[in-house]
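Working notes for the structure below.
The values are calculated or read from the model by the stated rules, or taken from the named source; none is laboratory data. Quick caveat: nothing in here was measured; it's all calculated off a predicted structure. All Cβ positions, even for glycine, are placed from backbone atoms using ideal geometry, and neighbour counts span all protein chains on display.
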Amino acid sequence: MITSRRSFVRFGASAATAAAMRWPLTGVSRGGIFEPFRLKQGDGFIRLNSNENAYGPSANVVDAMKSAIGSANRYPRMEYDALAEHVASFHNVKPEQVLFGCGSTEILRMAAFAFLSNRKQLIQASPTFEAIEHYARAAGSEVKSVGLTPAFAHDPDGMLAGADDSTGLVYICNPNNPTASLTPRKDLENFIVRLPASTFVVIDEAYHHYAGTSGTYASFIDRPLDDERVIVVRTFSKVYGLAGLRLGYGVGSPKLIRRMRTFATENNINAIATQAAAAALDDTGGVRESVRRNADDRQEFLNQAMARALKPIDSHANFVMMNTFHPAEEVIQHFQKNNILIGRRFPPMDTYIRISLGRPEEMKAFWQAWDLLPYPKHMMHH
Ligand SMILES: Cc1ncc(COP(=O)(O)O)c(C=O)c1O
């Protein structure tokens, strides 16, 4: 897996170099500061590979970023506290329960270093978002990966079977990346109470807004457990369209937050991100629009898939995972040749591909490329 990530990174670098040769300083010299979309499209690739928000931030958020530019020369210490209060009141918690990171990835790193060591292990699902596994290994920790259930949910019994007093941390990603699937709320509650008392729990809700609310799904921030071992992680990279600004946060008990904070980078969030985040949280209309657009795009994906007798995994996120019944690597390469980047391989789901939802014209290109796949169509499904 590490090899494939490396080769992916290498590929990314060469594409970027090629792009830089074609359009030196695109967007900076020509487009000005607030035309990042032009810059993104400049390398010729359609990006359906990182579960970003293809539409970018709302107009209110862009305005907030513009006015924040003037504070770029100052360290954002006061802004950190102001944003902590903002997020706290948004979620009805205390500011000391909120921790920011350079992306939620930094929160995951802090959790790994705060709760793991060579005597403590991490339990996670497989496949799931890999960042915490990398940081766990960097902390010297063993990692136990437990396969998802046939419904692509976390397997509470399987994870519990591996848990003992040496389990420092359990990672739960809900909705799960890369499968876009949900683990029922009740199953998670029953699982968490049965974990050893010394085991901490990260619940990664990066895709929260796309999950909707139902008996099956409820956020652990909105409906918290009375449990000091749990930290819930959110990001501004998805529904808010701010992946490039790098801002995420965790919400947990003050004690747990204090412990994790010691592993944070000093001044880890930037002056523009703080202003953008405050505007993004307040922009309920913008969020609603973002969720609605994603629902439309997801439905259209499903329609296109059904028209081809394909059955993607039921998606509760801004991406879709789908069995191609062919080696994923070959399918990924095919799309790459057609200038479309889709998700990397996700062992052990070696015949599945993950497609982040893009704009309608990008998805049209995706399906055109799909229809060019050299496999006989009856080989594409059962
Ligand atoms: C489940 C999950 N958590 C965390 C992240 C990291 O997001 P960021 O560091 O941009 O907040 C991602 C990114 O794709 C993700 O899928």
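One line per residue, one yes/no per condition, for (1) within 28 Å of Arg47 (Cβ to Cβ); (2) surrounded by fewer than 23 Cβ atoms within 10 Å (Cβ to Cβ):
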site	(1), (2)
Ile172	yes, no
Asn190	no, yes
Leu247	yes, no
Ala271	yes, yes
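For the criterion of being surrounded by fewer than 19 Cβ atoms within 10 Å (Cβ to Cβ), farther than 23 Å from Arg293 by Cβ, out of contact with any His (no Cβ under 8 Å at 6 or more places or on another chain) and not β-branched (Val, Ile, Thr), Pro374 fails.
Scanning segment 201-231 for residues that are closer than 22 Å to Gly286 by Cβ, free of Cβ contacts under 8 Å to residues at least 60 places away in the same chain and hydroxyl-bearing (Ser, Thr, Tyr) gives Thr213, Ser219. Filtering segment 51-71 for residues that are under 30 Å from Met349 (Cβ atoms) and away from the ligand (no atom under 16 Å from the Cβ) leaves a non-empty set. If you go through segment 252-272 and keep only what is without any contact (Cβ under 8 Å) to a residue 40 or more places away in the chain and over 15 Å from Gln97 (Cβ atoms), you end up with just Glu266. How many residues does segment 183-208 hold that are within 13 Å of the ligand (Cβ to nearest atom) and not β-branched (Val, Ile, Thr)? The number of residues fulfilling the criteria is 5. Screening Thr105 on (1) surrounded by fewer than 21 Cβ atoms within 10 Å (Cβ to Cβ); (2) more than 20 Å from the chain's Cα centre (by Cα); (3) of a type in the set (S, T, N, Q) shows it passes everything except condition (2). Of the residues that make up segment 186-195, is at least one in contact with a strand residue (DSSP E or B) (Cβ under 8 Å, 6 or more places away or on another chain), part of a helix (DSSP H, G or I) and under 25 Å from Phe263 (Cα atoms)? Yes, segment 186-195 contains at least one residue that is in contact with a strand residue (DSSP E or B) (Cβ under 8 Å, 6 or more places away or on another chain), part of a helix (DSSP H, G or I) and under 25 Å from Phe263 (Cα atoms). So, Thr183, is that one surrounded by fewer than 24 Cβ atoms within 10 Å (Cβ to Cβ) and of a type in the set (Val, Ile, Thr) or not? Spelling it out, it is not the case that Thr183 is surrounded by fewer than 24 Cβ atoms within 10 Å (Cβ to Cβ) and of a type in the set (Val, Ile, Thr). When we screen Ala131, Ala112 for residues that are assigned by TED's automatic domain parsing to the domain that holds Leu245, surrounded by fewer than 21 Cβ atoms within 10 Å (Cβ to Cβ), within 14 Å of the ligand (Cβ to nearest atom) and closer than 21 Å to Val251 by Cβ, the only hit is Ala131. When Ser237, Ser290 are checked against the criterion of being within 16 Å of the ligand (Cβ to nearest atom), within 18 Å of His316 (Cα to Cα) and part of a helix (DSSP H, G or I), a single residue qualifies: Ser290.
Suppose the filter is more than 25 Å from Tyr249 (Cβ to Cβ) and more than 16 Å from the ligand (Cβ to nearest atom); does Gly158 pass it?
yes
When the residues of segment 49-70 are filtered to those that are small (Gly, Ala, Ser) and buried (at least 16 other Cβ atoms within 10 Å of the Cβ), the one that is farthest from Ala317 (Cα to Cα) is Ala68. Quick check on segment 226-234. Is at least one of its residues assigned by TED's automatic domain parsing to the domain that holds Ala84, at pLDDT 95 or above and within 11 Å of the ligand (Cβ to nearest atom)? Yes.
Do we find that Ala277 is in the same structural domain as Met322 (by TED's automatic domain parsing) and either touching a Gly at 6+ places or on another chain (Cβ under 9 Å) or within 13 Å of the ligand (Cβ to nearest atom) (or both) in this structure?
no
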